[in-house]
Each structure stands twice: as C-alpha cells, then as structure tokens.
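So the structure is just underneath, and the comments pick up after that.
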Amino acid sequence: MGIAEELSQYAFSVKYSEIPENIVHDSKKRIIDALGCGIGAFNAEPVRFSRRIAQKAKLKDGSTLLGTGKKSTPDLASFVNGIMVRYFDYNDTYLSREPAHPSDNLGACLSVADSEGASGRDLLLSVALAFEIQCRLCDAADLRHRGWDHVCYGLVSTALASGRLMNLNPEKMTQAVNLSLNSHITMRQVRTGELSMWKGCSFANAGRNGVFSALLAREGMTGPSPIFEGEMGFFKQVSGPFQINTEDFGGRNGKFRIGETYLKYFPAEIHSQTAIWAALEARKEIEDLNEIVSVEIASHEAGHTILGKDPEKWAPATKETADHSLPYIVAMALLEGKIDNSSYAPKKFKDPKTLDFLKKVTVAEDKDLTAMYPEAVANRVTVKLSSGKVVSKQVNYHKGHPKNPMSDQDVEKKFRTLTKRQLSENQAKRALNILWTLEKVNDVSKLFSTLVVE
C-alpha cells in the first residue's frame, strides 16, 4: 500500500470517540487562537483583495467568508479564511524536521465544515486529523533545505480533512491527495529575501487546492499515482524517500500531535519568540537605551537561516519581512519594551532611528543552541553598553511552548485583544461559549454567525 492510500485509510477510519478528552480541549484552544488571529486580520490588505474575488462567486449553500454573512465556493472561502488566520504570523507552529503552522489548516476545515452542514464534533475531528497528518509528514522529511515550502504537506492534510468532512471513501480520498500533491508544489522562495504578501497566503492557497481536489475527487476525478513513490513523484522531485507508519498516529497507538504545537504569545515568527523574551528581560537592566553600543543575538540554525541571514532583515521594506526579521524584532523589543501588531507599521520599520539602531545588531548561529533544537527554541541576547556593562539573557522555552504553555485564560485574552475592534464584547463572549462547547454544536454555521464584523 502506498503512502497516499495509507493516509487515506487512516483519515477515513479514525472516529471522534477515539480522540482523548485532552486532545479535544487542545483542539478547541487552537481553533480559538486561530479565529482570534483571523477576525483580527479582517481588514488586512491581502484579506480584502482575496475577499473581493471570492464574493464574485456567490453560492447560497456555500462556505461563509469569515467575519461576514456572505458565502462563496468552499475552495475560495478556504483561501480567504486561511489568509485571515495566517496574516499576523500569530497562529501556532510545529517544529520538527520540517517546520509548519498546522492551524493554517483551519481555513479549509472551517470552510468545508460550513458548506457540508457539519457538526462541532465533525469539525473537531477534521482539525485533529489535519494537524496529525501535516505534523507527521513534517516529522518524516525536511523540505526547506531542499528548496521547497512546508505548505506542500498542507496539500495532503487539507485534501484529507476535506475528504473526511465530505464523507469520501478511502479511494476518493486517495485521488484527492493525488490531485492536490501533483499539481500545486510550492517553492521556498516565498520565505527568502524580501518577503511579499504571499508569505501569509501560501498555505491558504494550498488549502484552496486541497479543498478543490477533494471536490473533484468526490465527482470521480482521478489523479496521478503513485503520487509519493512514482517514477516522477514527490519522493523523486521534492522530499526524497521517507517512511511513515500510521499505526503510530493519534487514534491508533500514538498520541495526537495537536497538543505538541506551539502557541505564540507575541505576533512574530516562532524562532524569534524566545529572543523577544530575552530582549525584554535584558531591557529591565538597561537604564538608558542611548547607552547601547551593540546587540548580539545568538540563535540556532533555523533562527539564523530563516530570520537572520538575509541583508533585507536589517532594512525591512514590508510588514512580512519585518515580522520575519530577528534583528528588527529584537530591536523593537528593546526600544519599545513590547511586540504587538503595531510593531510592524511602516512608519516604524522605515524610521531612520530604527534603521540606525539596527546597524548595532548582529545575528550568529550558536552550535550549542542548534544542538538543543527543536526540543528547545533557544535564543540569547547580549547587550553591550557604553559604560562597559554587559547584559546577557538566554531563554529556552517561550510562553506558548508545551513546556511553558499558555493557559485557557491566556488564549481567551489573546482572542479578545485581537478581535476587540471587530467584535462587541457580547459577540466575543457568545463566540467563546460556542467554541469551548463545540462538541455540543449541531451545525457549525452557528459559530460563523457570532463572528460577523459589523
């Protein structure tokens, strides 16, 4: 049996009753976290662009565009809703051989659940499955060092999660994987150099294609096979060969990976989270910021390669580059004593004073920190002052790491903070009540109705 068939059999066979109570709870936390990010990004430019396009394809029984009462096709809604979840770079992360943002799957899961009239339990199952499949693929093989983007695995996870919500049989789910994976491979250039708006749209596009592939498979469309092991398949062209054993997956003999994803306390790329905490701790011991002579950031290989290697990171020209710049993020944490969405306003990353300060910042890989990765995502910030004083702080586990988790209250606070400009207090309260009791919801459309931005 090929990998596509094995994954499809797994996605078809797992039942909601096989998901442990703690994993159901973890799934709710991720959905709340992701929806807070999504509603908060309602007015972001890429969201508005894509929503205008999606609204041209009106479908009475389609999928709701998050934050509105309007419906479009499931694939276009998945694209819009996925961009919303991802735009702030504030949703969860999973780190393994390949890093990923598993809650990116929410755009597809929510959209298909809505169009299919699914229950809260159906949605929770699809989310747990999508996370599990993407994370297990991330465990299996590294894509980024081969020049491909992690969202390639999202083609598989969204196709299968969508297929499960559509009640497809394993054969049709396999065809959905074949169609999606063959036709929509994504290059890593999306996260290299000066970053564009597409950085936050790349997975949303994978989700769109995963949903569309499932829709095609439902109608009987077949795709190239074997898609992983074939002569010109995924192994040969993209990932190199790997093996998976679904008997070790959640719902069988293993633990669901969704509880092992990292939530973010700050809106910044995951490899910078501990650097922010270290910078804020160092700042407490600096009386006069004008005395700062130099800032040395010691990071692990991923932090250095993804966030601190390209020269564009010292002069960001876009929001997307700024929130993926280790020197800029640490500089703002030192200068302002905080990191929030306002940290990435153009007036800040283009400010001559900020750019002058960035000249004092260096980033280098520390092999000892690399050896700790990905179990710990450690950064060390060392600040040298004109007085000769040196302040150095290292943080290994950020707030939101499984070893330093965010509480339910933390996640609720984040949701309310992100949505306060879009939702009334009463709306936020009703939405949270539904989200914390999703397993009792008969139709997820009730959730969308609480999230309409007035």
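The values are calculated or read from the model by the stated rules, or taken from the named source; none is laboratory data. Because the structure is predicted, anything quoted here is derived from the model rather than measured. Positions of Cβ are generated from backbone atoms using ideal geometry, with glycine treated the same way; all protein chains shown enter the neighbour counts.
Just a yes or no: is a residue in the range 388-405 in contact with a His (Cβ under 8 Å, 6 or more places away or on another chain) and without any contact (Cβ under 8 Å) to a residue 24 or more places away in the chain?
Yes, the conditions are met somewhere in the range 388-405.
In this structure, G67 does satisfy being in contact (Cβ under 8 Å) with a residue 12 or more places away in the chain, assigned to a loop (DSSP other than H, G, I, E, B), crowded, with 24+ Cβ neighbours inside 10 Å and within 21 Å of the chain's Cα centre (by Cα).
For every residue, the table says whether it meets (1) touching a residue at least 24 places away in the same chain (Cβ under 8 Å); (2) surrounded by fewer than 14 Cβ atoms within 10 Å (Cβ to Cβ); (3) of a type in the set (F, W, Y).
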site	(1), (2), (3)
S17	no, yes, no
C37	yes, no, no
E45	yes, yes, no
A54	yes, no, no
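Summed over the range 43-61, the residues that are modelled with pLDDT of 95 or more, more than 14 Å from M84 (Cα to Cα) and touching a helix residue (DSSP H, G or I) at 6+ places or on another chain (Cβ under 8 Å) give a count of 2.
Annotation note: of D114, D33, D61, the sole residue that is over 27 Å from H398 (Cα atoms), in contact with a Phe, Trp or Tyr (Cβ under 8 Å, 6 or more places away or on another chain) and either crowded, with 24+ Cβ neighbours inside 10 Å or not assigned by TED's automatic domain parsing to the domain that holds V377 (or both) is D114. In the range 109-124, is there at least one residue being on the phi > 0 side of the Ramachandran plot and modelled with pLDDT of 95 or more? Yes, some residue in the range 109-124 is on the phi > 0 side of the Ramachandran plot and modelled with pLDDT of 95 or more. The set of residues from the range 406-433 being in a helix (DSSP H, G or I) and surrounded by fewer than 18 Cβ atoms within 10 Å (Cβ to Cβ) comprises D408, Q409, D410, K413, R416, T417, E425, N426, K429, R430, N433. In the range 70-94, the residue that is nearest to N105 (Cα to Cα) out of those that are over 17 Å from the mean Cα position of the chain (by Cα), free of Cβ contacts under 8 Å to residues at least 60 places away in the same chain and surrounded by 20 or more Cβ atoms within 10 Å (Cβ to Cβ) is A77.
Filtering the range 369-383 to residues that are charged (D, E, K, R) and within 19 Å of V295 (Cα to Cα) leaves only R380.
In the range 126-172, the residue that is surrounded by the fewest Cβ atoms within 10 Å (Cβ to Cβ) out of those that are hydroxyl-bearing (S, T, Y) and within 15 Å of A204 (Cα to Cα) is Y153. A count restricted to the range 325-367 and to residues that are outside any loop (DSSP other than H, G, I, E, B), of a type in the set (D, E) and either over 24 Å from Y87 (Cα atoms) or modelled with pLDDT under 95 (or both) stands at 2.
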